[in-house]
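Take a look at the structure set out below.
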Amino acid sequence: MADERKRRWSIALVIEQWAPLVLSVGSAIAISLWAPSIVDQFTPEGGWSVVNLYGAIFNWSAIQTGFAFGVYGFVVGKNDGFVQEIRDKLAMRRFLAYVRRANVGGFLLTVTSLPLTIANPPITTAYSPMFFIVLAWFALFVWTFLAFLRVAYGFGKLSSVRDKPEFYGA
């Protein structure tokens, strides 16, 4: 039990658990600090396209949500082998919590991207209400992307473990 508590609060675990949120907030702060320069890039002279930003993030959110949902279905539905052996362990509960969060975040990102892709609101002024709406939406994208990476990495580790072959005796 004491070893489990030590592992639970290791540096790697803290990074694993909090990195998506911390980097999401950090990206929002960085964008806020350089808002005038960034908003200038979304003008016709700047060359960046807000329409393409909305569309790209919408497309990516749909893909990552589908993947995360597939991972959840696979892991929850697998009732044999290695997955069954670790089903009641803390690491598996933690992994399934990450998958659920990635699914919810991806779903929220997809749903919030719809009005942006349909209406294509311009970002013309730094620190305007629309700027902060798009900033919050982009921070959600950063969080869901990193949560997706965390799930993909964990699933890669989980799926790389081979089940023991059946032994029929000799």
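If the condition is being β-branched (Val, Ile, Thr) and under 16 Å from Ala139 (Cα atoms), then the stretch 12-38 contributes Val22, Val25, Ile29, Ile31, Ile38.
Out of curiosity, is Thr124 part of a loop (DSSP other than H, G, I, E, B) and β-branched (Val, Ile, Thr)? Judged against the criteria, Thr124 is a match.
Could you list, in sequence order, all residues of the stretch 75-92 that are open to solvent by less than 90 Å² (accessible area, probe 1.4 Å) and of a type in the set (Asp, Glu)?
Taking the stretch 75-92 and keeping what is open to solvent by less than 90 Å² (accessible area, probe 1.4 Å), we get 75-78, 80-84, 86-87, 90-92.
Residue satisfying the conditions is Asp80 alone.
In the set (1) in contact (Cβ under 8 Å) with a residue 24 or more places away in the chain; (2) open to solvent by 50 Å² or more (accessible area, probe 1.4 Å), Val39 fails one condition alone, (2). Looking across the stretch 18-36, the residues that are open to solvent by less than 70 Å² (accessible area, probe 1.4 Å) and touching a helix residue (DSSP H, G or I) at 6+ places or on another chain (Cβ under 8 Å) come down to Ala19, Pro20, Ser24, Ser27, Ala28, Ile31, Ser32, Ala35.
The values are calculated or read from the model by the stated rules, or taken from the named source; none is laboratory data. Remember, predicted model here, so these are calculated numbers, not experimental data. Methodologically, a virtual Cβ is constructed for each residue, glycine included, from the backbone with ideal geometry; neighbour enumeration extends over all protein chains shown. With ligands, DNA and RNA removed, areas are computed over all heavy atoms of the protein, side chains included. Shrake-Rupley method; radii C 1.70, N 1.55, O 1.52, S 1.80 Å.
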